[in-house]
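The values are calculated or read from the model by the stated rules, or taken from the named source; none is laboratory data. What you see is a predicted model; the values in this text were computed from it and never measured. Positions of Cβ are backbone-derived with ideal geometry, glycine not excepted, and every protein chain shown enters the neighbour counts.
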Amino acid sequence: MRGIDEYMRGNGRMIRAGHTLLWGPGRHGAGDNTFSYFNDVSGNVIEYTTELDLIVDEDAWQPRAWESTREQSDRRGTANNITEHLIPGVWQSSPI
């Protein structure tokens, strides 16, 4: 995608196509990417995302630890807090 506007239009297309928005839109701390979580037609949780950090020089890149906090899960604060009840598929497998 060429930017955040295309990402947001894609969110709208997913919703108009009948996919339930489970969580998002927001921006993760680790990866600095946008995110929205939907259910696919089989009930699986899918992440619609863009603008993920790109590591250009692996030798110069320094990994770092991220704390699992509400602020790091959604740095913009637009997606509300993720809970097991909000997106159960993140914590458990989909039925076969």
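General observations
- Failed criterion for I55 (all others in (1) surrounded by 11 or more Cβ atoms within 10 Å (Cβ to Cβ); (2) touching a Phe, Trp or Tyr at 6+ places or on another chain (Cβ under 8 Å) hold): (1)
- Selection within the stretch 5-45 - within 30 Å of W61 (Cα to Cα), modelled with pLDDT under 90 and either of a type in the set (A, V, I, L, M) or exposed (fewer than 13 other Cβ atoms within 10 Å of the Cβ) (or both): A30, D32
- Meets criteria (over 15 Å from the mean Cα position of the chain (by Cα), surrounded by 11 or more Cβ atoms within 10 Å (Cβ to Cβ) and modelled with pLDDT of 70 or more) for W61: no
- Residues being over 11 Å from S73 (Cα atoms), in a strand (DSSP E or B) and of a type outside the set (F, W, Y) - total across the stretch 19-45: 6
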